[in-house]
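Here, each number is a calculation from the coordinates, and none is a lab measurement. Everything numeric here is computed off the predicted structure, so don't read it as measured data. Ideal geometry is used to build each Cβ from the backbone, glycine not excepted, and the neighbour counts take in all protein chains shown.
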Amino acid sequence: MLYLVRHAQAEPAREGADDAARLLTREGREDTILAARGLRRLGVGCDVVLASPLKRARETAQLLSVALKAEVREHAALAPGHLPEDLVLSLVEYNTASAIVLVGHEPDMGRLASWLLVGDSAKLQMPFKSGQVAAIEVASIPPRAPGLLRWFATQQQLAFIGT
């Protein structure tokens, strides 16, 4: 199982500032904690939480990892702009994992979901809002065939489940 997560609400981009250094807002952190409880209540478990090297994704991953009781690792292929095919191939070192949480950015998460479900990153329009999660069942890690979308939930829906 792969859980695709877009990072939570982050500080707005500022002209001339380092985009990679943007942090989550207070609301983004609070919403992620509640959503993580919802994931736990749904029975979500994972072997590892992989995060983009950008601070807002790493921060989201850390908050999720507490509820899911999983280790967080930075994963360069989750940085913005990587092709879904390259990201999937980079998961080979996790081939014994049964479930992985991937925390990244939009539009990359939407493109990855499309690639995992239909084999084409542009065929399926699946935009992720901040904190949104897709659960995609795959036969193997890395996936070698299209997966099955089990659910796609907003951060608010997950927070409601967690309360």
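Of note:
- Restricting attention to region 1-33, the residues that are hydrophobic (A, V, I, L, M, F, W, C) and buried (at least 20 other Cβ atoms within 10 Å of the Cβ) total 6.
- Pairs linking a residue in region 70-85 that is part of a loop (DSSP other than H, G, I, E, B) to a residue that is of a type in the set (Ser, Thr, Tyr), with Cβ atoms under 8 Å and 6 or more positions apart or on different chains, are 75/52; 75/90; 79/52; 80/52; 83/121.
- Of everything in region 42-69 that is free of Cβ contacts under 8 Å to residues at least 40 places away in the same chain and outside any helix (DSSP H, G or I), the residue that is nearest to residue 92 (Cα to Cα) is 53.
- Sole exception among (1) farther than 20 Å from residue 138 by Cα; (2) in contact with a helix residue (DSSP H, G or I) (Cβ under 7 Å, 6 or more places away or on another chain); (3) exposed (fewer than 14 other Cβ atoms within 10 Å of the Cβ) for residue 67, by number: (3)
- Selection within region 20-41 - assigned to a helix (DSSP H, G or I), touching a residue at least 12 places away in the same chain (Cβ under 8 Å) and either charged (D, E, K, R) or within 17 Å of residue 55 (Cα to Cα) (or both): 20, 21, 27, 28, 29, 31, 32, 33, 37, 40, 41
- Flag if residue 144 is assigned to a strand (DSSP E or B) and either over 20 Å from residue 52 (Cβ atoms) or touching a strand residue (DSSP E or B) at 6+ places or on another chain (Cβ under 9 Å) (or both): no
- Flag not set for residue 93, criterion: within 23 Å of residue 160 (Cβ to Cβ) and of a type outside the set (Phe, Trp, Tyr).
- Sole exception among (1) free of Cβ contacts under 8 Å to residues at least 12 places away in the same chain; (2) touching a helix residue (DSSP H, G or I) at 6+ places or on another chain (Cβ under 9 Å) for residue 17, by number: (2)
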